[in-house]
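Have a look at the structure below before the remarks.
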Amino acid sequence: MAHRSKGGSTKAVILVGGPSRGTRFRPLSLDVPKPLFEVAGHPIIWHCLAAVAAVGSIQDVNIIGYYDETVFRDFIKDATKEFPNLSSIKYLREYEALGTAGGLYHFRDAILKGRPDRLFVLNADVCCSFPLGEMLKLFDDKDAEAVILGTRVSDDAATNFGCIVSDAHTRRVLHYVEKPESRISNLINCGVYLFATEAIFPSIKSAIKRRTDRPARLVSYPSSDNLETFHPASSGLNDDDDEERKNQVIRLEQDILGDMADSKQFFVYETKDFWRQIKTAGSAVPANALYLQRAWQAGSEELAQPSANLVAPVFIHPTAEIHPTAKLGPNVSIGPRAVIGAGARVKESIVLEDCEVKHDACVLYSIIGWGSRVGAWARVEGTPTPVGSHSTSIIKNGVKVQSITILGKDCGVGDEVRVQNCVCLPYKELKRDVANEVIM
């Protein structure tokens, strides 16, 4: 391996997936793409981008996914103004899902433009403190080919994630297995990586070669400089070619990281800070709490000042109307133009834009969808999950239900109605007490 000069240029890629990957985030993803759903007052992807911008030495960020190009247009426009040190923020659209590594390889020309030495890769559906500076230092200190962010979870939870076996002294990754059948380690993959560009792209190329187990007709894909969408259906490819494309879905977790552990230059940075995935709609509530707590600890001026009726941390959009006798917090986000009535209680919840929570209503461990209404003296409540849990489901009466109650867009809860541990699809009117149900 050639010795890389320290202090070389670094780029970042944020992986956002696409519409078919947001099904577990329903009903919220029916109205907004998951990466743009707001937690702690900002879109999920904003928290990734803010961490990248804070590194200082990164100027170029590519967002890779297979949402329509228009989806991120306004976000990128606003982010370019908010993070002036990021001179280039671009969205690169896949024609279909190529996998976490396949997307990188497909757009390798755009990523490698300017010859960066290092590449951060962040999954957008991760909630953490993103210790990118620390990962960068470890990378340089070890002259690494790759650094992965890891964290410790309970032994029971570990097999739901990619598991890392490492040398406690050197921090070198000795072994990596994605979702092992039996326990091998409780140190798991956080979905944040730093790669040497000279190592990651040859590794993906080798994985593609291994995957292709029969001679294939060469298929001409657009170069990454041509960012127009490629439509296989209109390209004259037959069913065999369609099967060939499926073989090109390459994932970092299943296809790359295990082999990289053999390189002896693959290291893990273990974070002691918070981390969790944002997979289900309910997981937005604990993510909201974690990001609010971090903003509070950092002295963010975006958060409301605590008072007798406001238990920090709380984010209130400037256009929201909060009655002085309403009590909010902790861990509450109130969206644009939301109205919270007299004597209302909101705790551990997200209230989205244009919602109304009427007087003396109670909202606990819940998400109130856009334009929804909670009647007077009504209760919309979920159930807190154990500290450290990575699940947002609980067992009630022998049945697995969502711990977080979620109202989709434009739902109505009648006066004095109680809604508990339910997921309610958009445009539903709830006029009776309901518990442990999906309301369709």
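The values are calculated or read from the model by the stated rules, or taken from the named source; none is laboratory data. Keep in mind the model is a prediction, meaning the values are calculated, not measured. Every residue, glycine as well, gets a Cβ built from its backbone with ideal geometry; the counts of neighbours run over all protein chains shown. Just so you know, the surface numbers come from the protein's heavy atoms only, side chains and all, with ligands and any DNA or RNA stripped out. Shrake-Rupley method; radii C 1.70, N 1.55, O 1.52, S 1.80 Å.
Table for the structure above
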item	result
Most mobile of 141, 117, 415 in a GNM of the chain (Cα contacts under 10 Å)	141
Projected label distance in nm at residue 308 and residue 165, using a 7 Å step from Cα toward the beta-carbon	6.1
Å² of accessible area per residue within the chain, as computed with a 1.4 Å probe and no ligands counted	45
In Å², nearest 10: area of residue 64 left accessible to a 1.4 Å probe	0
For the stretch 278-383: rounded, prolate or oblate by the Cα gyration tensor [a/c cutoff 1.5]	oblate
Of 113/209; 179/279; 347/409, pairs whose Cα-Cα distance is over 27 Å	none
Percent accessible area from carbon and sulfur atoms, the chain, protein chains only, probe 1.4 Å	48
For residue 423, distant residues with modelled amide H under 5 Å away	406, 437, 438, 439
MRE, 222 nm, helices only [DSSP H, n ≥ 4, -39500 (n - 2.57), over the chain, to nearest 500]	-6000 deg cm²/dmol
Per-peptide average of other Cβ atoms within 10 Å, ordering 167-177, 267-277, 348-358 highest first	348-358, 267-277, 167-177
Prolate/oblate/rounded call for the stretch 112-175, Cα gyration tensor, a/c under 1.5 rounded	oblate
Between the stretch 277-302 and the stretch 8-54, the alpha-carbon center distance in angstrom	14
Centroid-to-centroid separation of the stretch 66-116 and the stretch 316-334 [C-alpha atoms, Å]	35
